[in-house]
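As structure tokens, the structure follows; a few thoughts come after it.
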Amino acid sequence: MHVCTGCCYITLQVKAFLYPGTRVAIVGDNGAGKTTLLQALVGDLSPASGVRTISPGCKIAYVSQHHADELMQSCKGPTEGAASMLARKFSVSETDARANLGKFGITGDAAIRPMSSLSGGQRVRVSLTSITWDAPDVLLMDEPTNHCDMSALDALAKALVEFPGAVAVVSHNRSFLTACCTELWVIDKKKLRIERPPPDDVTPAEFAKLFSSYASRVLGHGTGGIGATQGGSSRASKAVSALDSSGKTSTKRGKATAGSSTSLL
């Protein structure tokens with residue numbers, strides 16, 4: 001896939017499928033093309049060569065790195081609350097808006113307080129309520145854990161496990177990814193490598209092994225485990241600390257369907 005990104009080109013060789021139930025973690029160095037891949041999947045960028053196919057009627061929701069801040073632009077003013085904003089945006093009652101917000105943990109006073117007074121984690125929840133309002137079939141998420149507190153991370157991981165469609169998420173947050181993902185898409189040297197646990201053992205523990213192996217390859221021998229972050233001050237040690245920065249999240253999840261094709265979606 002050859003994708004134009006304005007004044008420059010990023011070349012990625014891609015061969016992959018996203019099926020219902022797939023939970024993909026997309027990882028790679030900064031500048032490797034993770035966001036570019038998501039933008040090509042969602043259709044914001046067109047491949048110069050290759051094929052991007054979508055099933056008829058498939059609805060795609062894209063969660064950008066700044067989705068919570070972007071949602072603030074939908075408010076009428078600094079005093080509008082989440083329930084009022086969503087009710088106006090989707091032409092529903094505030095009661096319906098509050099019911100949907102409640103599914104993401106925005107309840108009581110938080111649903112009616114000015115959006116500008118909500119915490120970063122609360123704004124993330126409101127944004128995800130808006131993004132998933134029309135029941136998308138595919139969620140493409142670019143660093144969705146930014147500004148999330150531990151409870152928001154746990155709620156998001158559980159929601160992704162229960163989501164019936166396909167999920168592709170860019171993140172290096174190891175605990176979060178282990179809680180909800182079943183396969184690893186590694187962008188390295190302008191190629192996409194897909195790594196999956198054994199078909200009969202799609203578990204958090206097996207995915208954690210894949211991610212640990214990836215971390216070791218990228219950061220150096222011995223950096224794949226959590227113990228490597230303790231007491232170290234090296235660049236690799238700090239990087240692993242960032243990978244493990246999320247804290248405890250849910251580890252329940254379902255199986256993914258494996259597949260490979262020249263189609264992107």
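The values are calculated or read from the model by the stated rules, or taken from the named source; none is laboratory data. Treat the numbers as computed from the prediction; the structure is a model and nothing was measured. Methodologically, a virtual Cβ is constructed for each residue, glycine included, from the backbone with ideal geometry; neighbour enumeration extends over all protein chains shown. All accessible areas refer to the heavy atoms of the entire protein, side chains included, with ligands and DNA or RNA removed. Shrake-Rupley method; radii C 1.70, N 1.55, O 1.52, S 1.80 Å.
Annotations
- For Thr262, the stated conditions do not hold, so it cannot be described as within 21 Å of the chain's Cα centre (by Cα), of a type outside the set (Lys, Arg) and either part of a loop (DSSP other than H, G, I, E, B) or at pLDDT 85 or above (or both).
- Enumeration of residues in region 18-36 that are closer than 19 Å to Arg196 by Cα and buried (at least 18 other Cβ atoms within 10 Å of the Cβ): Leu18, Thr22, Arg23, Val24, Ala25, Ile26, Val27, Gly28, Lys34
- Residue count, region 79-119 (criterion: loosely packed, with under 14 Cβ neighbours inside 10 Å and modelled with pLDDT under 90): 2
- Lys15 falls short on exactly one of the conditions (1) open to solvent by 40 Å² or more (accessible area, probe 1.4 Å); (2) modelled with pLDDT of 80 or more; (3) basic (Lys, Arg), and that condition is (2).
- Going through (1) in contact with a Pro (Cβ under 6 Å, 6 or more places away or on another chain); (2) loosely packed, with under 13 Cβ neighbours inside 10 Å one by one, Ala48 falls short only on (1).
- Residue that is nearest to Asp142 (Cα to Cα) [pool: residues in region 58-71 that are open to solvent by less than 70 Å² (accessible area, probe 1.4 Å) and modelled with pLDDT of 85 or more]: Val63
- Those residues of region 120-150 which are crowded, with 20+ Cβ neighbours inside 10 Å, modelled with pLDDT of 85 or more and of a type in the set (Val, Ile, Thr), in sequence order: Val126, Thr129, Val138
- Residue match in region 75-91 (condition: part of a strand (DSSP E or B) and out of contact with any Ser or Thr (no Cβ under 7 Å at 6 or more places or on another chain)): yes
For every residue, the table says whether it meets (1) more than 20 Å from the chain's Cα centre (by Cα); (2) at positive phi.
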| position | (1), (2) |
| --- | --- |
| Met85 | yes, no |
| Gly120 | no, no |
| Arg125 | no, no |
| Pro136 | no, no |
| His147 | no, yes |
| Ala166 | no, no |
| Ser175 | no, no |
| Ala179 | no, no |
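- Candidate set: region 155-205, residues that are of a type in the set (Ser, Thr, Tyr) and open to solvent by 10 Å² or more (accessible area, probe 1.4 Å); chosen: the one farthest from Ala61 (Cα to Cα): Thr203
- Test result for Ile112, closer than 28 Å to Cys58 by Cβ and not charged (D, E, K, R): no
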